[in-house]
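Single-structure report; data block below.
The values are calculated or read from the model by the stated rules, or taken from the named source; none is laboratory data. This one's a predicted model, so the numbers in the text were calculated from it and none came from an experiment. When we count neighbours, we look across all protein chains shown, and the Cβ atoms used for this are built from the backbone with ideal geometry, even at glycine.
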Amino acid sequence: MSRNTDIYKAVRDFIETALNALPGVPETGLQVEIAEGEAGEEWTGIRMKMNASGAVAKRYIDGTRLETWSFELLSKQAIVPDGAEYIAFAVYLEELSDRLQDMARRRIIPQLPAGVKFKAMEAAARPAQVIATEKYSGYALDLRFNLLCEG
């Protein structure tokens with residue numbers, strides 16, 4: 001496997017650990033899992049997408065570099081008449097954001113490949129809908145990881 005694939009999987013596992021620590025979203029009955037790859041029109045749940053991999057933020061004299069890795073967790077659920085589920089799901093993403101940041105503060109961090117060290121993580125849920133169609137509604141959580149990488 002490539003280093004990028006290993007980092008992606010480590011971040012995915014880290015996020016799944018946080019998801020497993022939170023209660024589900026009973027108002028929607030939605031199964032919450034991380035799905036990968038391209039999705040068709042009809043998907044629902046949470047999908048993880050890598051927005052940028054390994055953009056070099058800083059190079060050090062010893063050959064190491066600080067890389068920024070950007071991910072997006074996108075939720076999508078079918079629209080239902082009363083709409084209370086949307087608020088519940090937005091709150092759920094806020095709780096997930098808080099949980100991920102708490103894990104990082106407590107140094108419960110992704111198990112990264114050799115030569116890659118965790119430095120910091122930022123998580124921010126977007127307060128507005130990012131998907132709004134006749135059939136679906138969705139929200140997003142943006143994640144950014146700063147990783148120190150050897151040569």
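The rows are residues; the columns are (1) free of Cβ contacts under 8 Å to residues at least 60 places away in the same chain; (2) in a loop (DSSP other than H, G, I, E, B); (3) closer than 17 Å to Arg12 by Cβ.
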| residue | (1), (2), (3) |
| --- | --- |
| Ile87 | yes, no, no |
| Val91 | yes, no, no |
| Ala104 | yes, no, yes |
| Gln111 | no, yes, yes |
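Please enumerate the residues belonging to the stretch 116-151 that are modelled with pLDDT of 80 or more, in contact with a helix residue (DSSP H, G or I) (Cβ under 8 Å, 6 or more places away or on another chain) and exposed (fewer than 15 other Cβ atoms within 10 Å of the Cβ).
Ala120, Ala124
So in the stretch 96-151, with the set limited to residues that are among the aromatic types (Phe, Trp, Tyr) and under 18 Å from the mean Cα position of the chain (by Cα), which one is farthest from Tyr60 (Cα to Cα)?
Tyr139
Using beta carbons and a limit of 6 Å, which pairs, at least six apart or on different chains, have the first residue in the stretch 123-140 and over 26 Å from Phe14 (Cα atoms) and the second one charged (D, E, K, R)?
Tyr136/Lys76
Starting from the stretch 65-76, take each residue that is over 30 Å from Gly151 (Cβ atoms) and list its partners that are among the acidic types (Asp, Glu), counting only C-beta distances under 9 angstrom and pairs at least six apart or across chains.
From residues that are over 30 Å from Gly151 (Cβ atoms), the pairs are Leu73/Asp142.
Considering the stretch 17-49 alone, what residues qualify as being under 14 Å from Leu74 (Cα atoms), at pLDDT 70 or above and outside any loop (DSSP other than H, G, I, E, B)?
Of everything in the stretch 17-49, those that are under 14 Å from Leu74 (Cα atoms), at pLDDT 70 or above and outside any loop (DSSP other than H, G, I, E, B) turn out to be Leu19, Gly45, Ile46, Arg47, Met48, Lys49.
For the stretch 50-93, name all the residues that are acidic (Asp, Glu) and modelled with pLDDT under 75.
Let us first name the residues in the stretch 50-93 that are acidic (Asp, Glu), namely 62, 67, 72, 82, 85.
The answer is Asp82, Glu85.
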